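I have placed the structure first, in the form of structure tokens, so that the comments after it can refer back to it.
The values are calculated or read from the model by the stated rules, or taken from the named source; none is laboratory data. The structure presented is a predicted model; accordingly, all values stated were derived computationally and were not measured. Positions of Cβ are generated from backbone atoms using ideal geometry, with glycine treated the same way; all protein chains shown enter the neighbour counts.
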Amino acid sequence: MFGFGLPAKIKRIVGKEAVLDRPEDLMLYEYDAGINRSMPEVVCFPRTTEQVSRILKLSHERGVPVVPRGAGTGLSGGSVPRKKGIVIGLARMNSILEIDLANERATVQPGVVNLELSKAVEKHGYHFAPDPSSQKACTIGGNVAENSGGPHTLAYGVTVNHVTGLEVVLPDGRVVEFGGKSLDAAGLDLTGFFVGSEGTLGIATGITVKLTRLPESVATLLGIFNSVEDAANTVVALTSAGITPSALELLDGWMLRTVEQALHAGYPMDAGAVLLIELEGISEAVEEDAEAVRLICLRMGAREVQRAKDENERQRLWMGRKQAFGAVGRLSPSYYTQDGVIPRTKIPQTLRKIEEIGKRYGLQIGNVFHAGDGNLHPLILFDVRDPEQTRQTLEIGREILEYCLSVGGSITGEHGVGMEKLSMMPSMFTDDDIEVMTRLHDVFNPGALLNPLKVLPSARSCREAYNPGHPSLGESK
Ligand SMILES: Cc1cc2nc3c(=O)[nH]c(=O)nc-3n(C[C@H](O)[C@H](O)[C@H](O)COP(=O)(O)OP(=O)(O)OC[C@H]3O[C@@H](n4cnc5c(N)ncnc54)[C@H](O)[C@@H]3O)c2cc1C
């Protein structure tokens, strides 16, 4: 597939120390944090928009596929190069270009790590609100591509609600600008359209985001329940009472014990579930809501409601939630994180269904998720070296997503479709829906050379290779 001399040409663009083409190096770029694999032929690390543009021009001329990659924490195989070719790693484009406090905006290169932006503006009383649990590692370019959410999505929304402008390199190498610093740009809203396009329309090389003021006051509560059912019912009771916590996270009993053993976050080992509830705002309102939340939790069957006494305790409780996936890694050679959405009123019955599915297959499933958004993350423990367990795990994932759809939900809340959920797209969308999305995709990426075989089962290149079965775990060995 690779044209003669292409790696040498890429080295001339970015410098030879910014190119990897030895198999032992390339192996590190054949996967993200999900379970799909495929090895690229070359990986390069540009530092400027101009270098990205020159690489895309080259790939366009030669007909070579290209896949953008941030930190590789994606969970749906988005940065896995299904058709091999070039991976453009954006990690070295990691400068904060401008902090404009007067207009509450920052402009960053795509490789800036999510948490680094909040750290840079904290001293001015601001933060970047989208906070995926992977925020210590994931990049803002990856957040834009996946339209990432996080624990605080309930109050602040997802990434698209925080991006006002983009500089994008198109698959043929042209550089275009969408939006700017204002909230509503003239013309079509291409910024909104680009966010969530999973690296299939262009490569974001400059991103202008909103900066959000840090709240005057924060209260973090831990509702402790004997049963997961009571905790799930409390989620609905809280939101029906007109209280919008900034975060409302649920960990079931198995998950909280796993987290506690690994991280000592302060979760009670004998509970059936905990709710991590955060309230933000002006002090009086936060105090009023915190008392209302405490009373609702107790009325709904909580045996106790604790409150973080200081910032250290708050950080410890959050560390348990944000590092929960890692804690599972101690117990099992592999785990598969699903990402489905349901109306929050359906949480109790969906958790029962997940438990029933896990028992039927004989595999452990833990739950830690954004309960306020109805965004589930069942973690299925398995051994990827065992083909039968792997097949069963994928089958479980599919059954859970089908159940989410059957109760009016969605196949993804924040991790994207990538290559992982391609085969589920026709279960969620009609042929006409997919046709419209495909035509829009083709305007930007007509040859489907940029991130091929992702998101849209009927996109030009997917039509050839679309397999309605399960996503392949390995495409290049
Ligand atoms: C432990 C853990 C916890 C997580 N928690 C959350 C969570 O709470 N919320 C959430 O939403 N996600 C979560 N994720 C998923 C993941 O972290 C996010 O999807 C994140 O935004 C990916 O960023 P990245 O830099 O790692 O991107 P990558 O994984 O490298 O890439 C993701 C996609 O973005 C594309 N891409 C990357 N950079 C660009 C660019 N500059 N221009 C165009 N396309 C680009 C890639 O091609 C790919 O399709 C979690 C993952 C892990 C491992």
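In this entry, Glu17 passes the filter for residues that are of a type in the set (Asp, Glu) and either in contact (Cβ under 8 Å) with a residue 12 or more places away in the chain or over 29 Å from Tyr335 (Cα atoms) (or both). All of (1) surrounded by fewer than 23 Cβ atoms within 10 Å (Cβ to Cβ); (2) out of contact with any Pro (no Cβ under 8 Å at 6 or more places or on another chain); (3) not basic (Lys, Arg) hold for Leu394 with one exception: (2). Selection of the range 96-124 for residues being among the charged types (D, E, K, R) and touching a residue at least 24 places away in the same chain (Cβ under 8 Å) yields Asp100, Glu104, Arg105, Glu122. Looking across the range 253-284, the residues that are under 22 Å from Leu154 (Cα atoms) and either charged (D, E, K, R) or free of Cβ contacts under 8 Å to residues at least 12 places away in the same chain (or both) come down to Glu278, Glu280, Glu284. Only a single criterion out of (1) assigned by TED's automatic domain parsing to the domain that holds Asn36; (2) under 17 Å from the mean Cα position of the chain (by Cα) is not satisfied by Glu146, namely (1).
So that you can scan it fast, the table gives a plain yes or no per residue for (1) surrounded by fewer than 20 Cβ atoms within 10 Å (Cβ to Cβ); (2) among the aromatic types (Phe, Trp, Tyr); (3) within 16 Å of the ligand (Cβ to nearest atom); (4) farther than 23 Å from Ala137 by Cβ:
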{"site": "Trp318", "(1), (2), (3), (4)": "no, yes, yes, no"}
{"site": "Arg321", "(1), (2), (3), (4)": "no, no, yes, no"}
{"site": "Arg330", "(1), (2), (3), (4)": "yes, no, yes, no"}
{"site": "Asp339", "(1), (2), (3), (4)": "no, no, yes, no"}
{"site": "Gln349", "(1), (2), (3), (4)": "yes, no, no, yes"}
{"site": "Arg352", "(1), (2), (3), (4)": "yes, no, no, yes"}
{"site": "Glu356", "(1), (2), (3), (4)": "yes, no, no, yes"}
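Among the criteria (1) surrounded by 20 or more Cβ atoms within 10 Å (Cβ to Cβ); (2) at pLDDT 95 or above; (3) over 30 Å from Gln349 (Cβ atoms), the one Pro446 does not fulfil is (1).
Within the range 101-108, is even one residue surrounded by 23 or more Cβ atoms within 10 Å (Cβ to Cβ) and outside the structural domain of Gly77 (by TED's automatic domain parsing)? Checking the range 101-108: at least one residue is surrounded by 23 or more Cβ atoms within 10 Å (Cβ to Cβ) and outside the structural domain of Gly77 (by TED's automatic domain parsing).
Scan the range 197-216 for residues that are assigned to a loop (DSSP other than H, G, I, E, B) and near the ligand (Cβ under 7 Å from one of its atoms) and report the count. Total meeting the criteria: 3.
Filter the range 205-230 down to the residues that are more than 24 Å from Pro130 (Cβ to Cβ) and of a type outside the set (Asp, Glu), then identify the one that is surrounded by the most Cβ atoms within 10 Å (Cβ to Cβ). Restricting to residues being more than 24 Å from Pro130 (Cβ to Cβ) and of a type outside the set (Asp, Glu), the top hit is Gly223.
Among the residues of the range 235-246, the ones that are assigned to a helix (DSSP H, G or I), out of contact with any helix residue (DSSP H, G or I) (no Cβ under 6 Å at 6 or more places or on another chain) and in contact (Cβ under 8 Å) with a residue 12 or more places away in the chain come to 1 in all. Assess whether Leu115 counts as being touching a Lys or Arg at 6+ places or on another chain (Cβ under 9 Å) and within 13 Å of the ligand (Cβ to nearest atom). So Leu115 fits the description; yes. Which one of the conditions (1) touching a residue at least 24 places away in the same chain (Cβ under 8 Å); (2) over 26 Å from Pro130 (Cα atoms) does Glu287 fail to meet, given that it meets all the rest? Just one mismatch for Glu287, condition (2). Lys181 passes all but one of (1) more than 16 Å from the ligand (Cβ to nearest atom); (2) under 26 Å from Val368 (Cα atoms); (3) touching a residue at least 60 places away in the same chain (Cβ under 8 Å); which number fails? Exception for Lys181: condition (2).
Restricting the search to strands (runs of 3 or more DSSP E) fully inside the range 268-371 and requiring at least 3 residues that are of a type in the set (Val, Ile, Thr) gives an empty result. If only residues of the range 143-157 that are closer than 19 Å to Ala71 by Cα and in contact with a Pro (Cβ under 8 Å, 6 or more places away or on another chain) are counted, the one that is farthest from the ligand (Cβ to nearest atom) is Val144. Out of (1) within 30 Å of Leu379 (Cα to Cα); (2) without any contact (Cβ under 8 Å) to a residue 24 or more places away in the chain, what's the single condition that is false for Pro40? Answer for Pro40: the failing condition is (2).
Restricting Gly413, Gly418 to residues that are at positive phi, within 16 Å of the ligand (Cβ to nearest atom) and part of a loop (DSSP other than H, G, I, E, B) narrows the list to Gly418.
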